[in-house]
1. So what is the relative contact order of the chain, in percent, for Cα pairs below 8 Å that sit 6 or more residues apart?
2. If you count, for each residue, the other Cβ atoms within 10 Å and average over each peptide, how do 264-275, 321-332 line up from highest to lowest?
3. Which Rg and Dmax, in Å, describe the Cα atoms of region 197-248?
4. Along Cα→Cβ, 7 Å out, is where each label goes; now give me the distance between the ones at residue 332 and residue 230 in nm to one decimal.
5. With a 10 Å radius around each residue's Cβ, average the other Cβ atoms per peptide and rank 178-191, 218-231, highest first.
6. Given the rule -39500 (n - 2.57) for each run of at least 4 DSSP H residues, summed and divided by the residues of the chain, what is its mean residue ellipticity at 222 nm, to the nearest 500 deg cm²/dmol?
7. Please report 161, 371 as a ranked list, fewest other C-beta atoms within 10 angstrom at the top and most at the bottom.
8. I need the per residue convex hull volume for region 213-366, using only the alpha carbons, in cubic angstrom as a whole number.
């Protein structure tokens, strides 16, 4: 009897240890996502830059989230000896990039990355998805009801609603990543009803915000996974492309940065491509010439078309390509680190035969060519999968 009691206590303690670690991270990441997404919305906006009550609330829960992350790390970090060098390298590169670019976000991202070690991929995505869905649909709903401001841009005759957010693209991009998380959690299989609802909501966001790139890729995602989701488990075609896909982050980074670098208004092909991409190439080329490329980045004040920057008189300089934006602001070493992280995620997905995860990441990498979301935890939690445990759930026996 005494032996039984001791064994029971040991099992209970092991479960409690695992549960505490997971619960701490789940709560921390949920609070973090809520706070940073709220900060991108009109809930925190003030024309005279005063601290709004919701802005104060967002900051408080964000620091609470960082505190919980730190507690989780101290409680159960689970850094194995073989990961020590990797963690030190990440800390070193992020630290040097922070010194050069002075963007505190990457320091807090480092804290979250370390806290993610030992946490399951599903825990990361479920906590993120709950926060994103809650803020997206409440913000859009309240903005359409007139409770918070729904700013409208009519630049060059292009009517765009902001749907309660600081940028017109925020709501549709948030929806895009919610769709990817939903598909990942469904292991790549979505029904006709799922695909239909995704396409209908995507059309709603497109009509309201006129965000073309995210509209097109969300449609592509819904159609792709509806048609091919059931074939993901075999993965014969995906496996044949394994090393090409693992190299995809590097290929896309090289191509996109090179095209921005060589852009010339005298080249008719590049000019047409520039117009098609809403002048992204010319803006990227101008940024390269203005800021240069540094090993550990440089401090840049980005000026875009957000509500908060409507009254700013400084010249528009925003770069939308993720690969180029990371290179300019955080530096070459940081870009290499980010590409390694994405290749690591793809390698882990192939290793565990999670072919649906491979294609989710492929769509994120493609989207990164026109939008700066590859290293942005406000929208994209998938970068944390490099640090999380990615395992395919066992099939249920009939």
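Read the figures in this text as sums done on the coordinates, not as results from a lab. If you're wondering where the values come from, they're calculated on a predicted model, not measured in any experiment. Cβ coordinates were reconstructed from backbone atoms using ideal geometry, including for glycine residues, and neighbour counts include every protein chain displayed.
1. Values: 525 pairs, mean separation 74.9, N = 398.
Taking the mean separation of contacting Cα pairs over the length of the chain, I get 19 percent.
2. Working: 264-275: 12.5, 321-332: 25.1.
Taking the mean over residues of other Cβ atoms within 10 Å, the ranking is 321-332, 264-275.
3. 14.6, 41
4. 5.0
5. On the way: 178-191: 19.5, 218-231: 17.9.
Top to bottom by mean Cβ count within 10 Å: 178-191, 218-231.
6. The helix contribution divided over the chain gives -21500 deg cm²/dmol.
7. Working: 161 20, 371 23.
Fewest-to-most ranking of 161, 371: 161, 371.
8. Values: hull volume 21.5 nm³, N = 154.
Hull volume over Cα atoms, normalised by residue count, gives 140 Å³.
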